Amino acid sequence: MLEQPRVLAVIRLSVNRDDSTSAEKQREGIEHWTCGPAVNGRVVGYAEDLDVSGSLHPFKRPALGPWLAERFDEFDVIAVWKLDRLTRRSAHFSEIYEWCQKRGKAIVSVTDGIDMSTPMGKMFAQIIAAFAEGELDTIKARALSGSLARLKKGVWVGGVLPFGYQFQRQEGGGKKLVQDPEYSDLLREIVGKLNSE
């Protein structure tokens, strides 16, 4: 590890809500690690991406992207609360790791205890990145399965309510689209005029 490193605190939440991975908790964990006697560094900036998916490439994130593209000479270490806060894609992780290697920067996961300036840290980080990607794939598969099940039942899966329709609650839960009696005649008239042209 570098002596008295300049630390970029990288914070990410897929959904901005107050829970165990809140932005505040991530910030505090990184600050605690940075100011500790073993590191004795200083936080030079925060790249906070809230409501940002872990599948989005780190270089494309609204807050982190500019640090990587334009301000990389201002920090020595990218510190995250957990490795999946940096990315949930092993390919993206490999890219950012290689980018750091070329520029003499380290990646540290303060909760996982991973310091990628060490050989053991590099190995563990690669393993955790692979698991994070697997977890993301599982989440996506579960969401797709749920959407398909709702579609089979005729349950509305989301989006903007189309003109001429309204929601109707179903007994088994969820809601489906039904024609709105107030606007259905108008909708048929509009469609009829469009078809006759």
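Points worth noting:
- Lone qualifier among 96, 139 - being at pLDDT below 75 and either not assigned by TED's automatic domain parsing to the domain that holds residue 26 or not polar (S, T, N, Q) (or both): 139
- Among residues that are part of a loop (DSSP other than H, G, I, E, B) and free of Cβ contacts under 8 Å to residues at least 24 places away in the same chain, residue 173 is included.
- Qualifying position, being modelled with pLDDT of 90 or more, loosely packed, with under 13 Cβ neighbours inside 10 Å and not polar (S, T, N, Q), among 79, 69: 69
- Residue ID - farthest from residue 99 (Cα to Cα), chosen from residues in the range 31-82 that are of a type in the set (Ser, Thr, Tyr) and not in a helix (DSSP H, G or I): 53
- Residue 63 satisfies every condition listed in (1) at pLDDT 95 or above; (2) farther than 17 Å from residue 113 by Cβ; (3) surrounded by 21 or more Cβ atoms within 10 Å (Cβ to Cβ) except (3).
- For the range 83-117, the candidate set comprises residues that are of a type in the set (Asp, Glu) and in a helix (DSSP H, G or I); within that set, the residue that is surrounded by the fewest Cβ atoms within 10 Å (Cβ to Cβ) is 98.
- Criterion: modelled with pLDDT under 90 and not aromatic (Phe, Trp, Tyr) - qualifying residue of 19, 49: 19
- Among the residues examined, residue 111 qualifies as modelled with pLDDT of 75 or more, more than 23 Å from residue 69 (Cα to Cα) and assigned by TED's automatic domain parsing to the domain that holds residue 49.
The values are calculated or read from the model by the stated rules, or taken from the named source; none is laboratory data. These numbers were taken from a predicted model, which means no experiment stands behind them. As a convention, Cβ positions derive from the backbone with ideal geometry for all residues, glycine included, and neighbour counts pool all protein chains shown.
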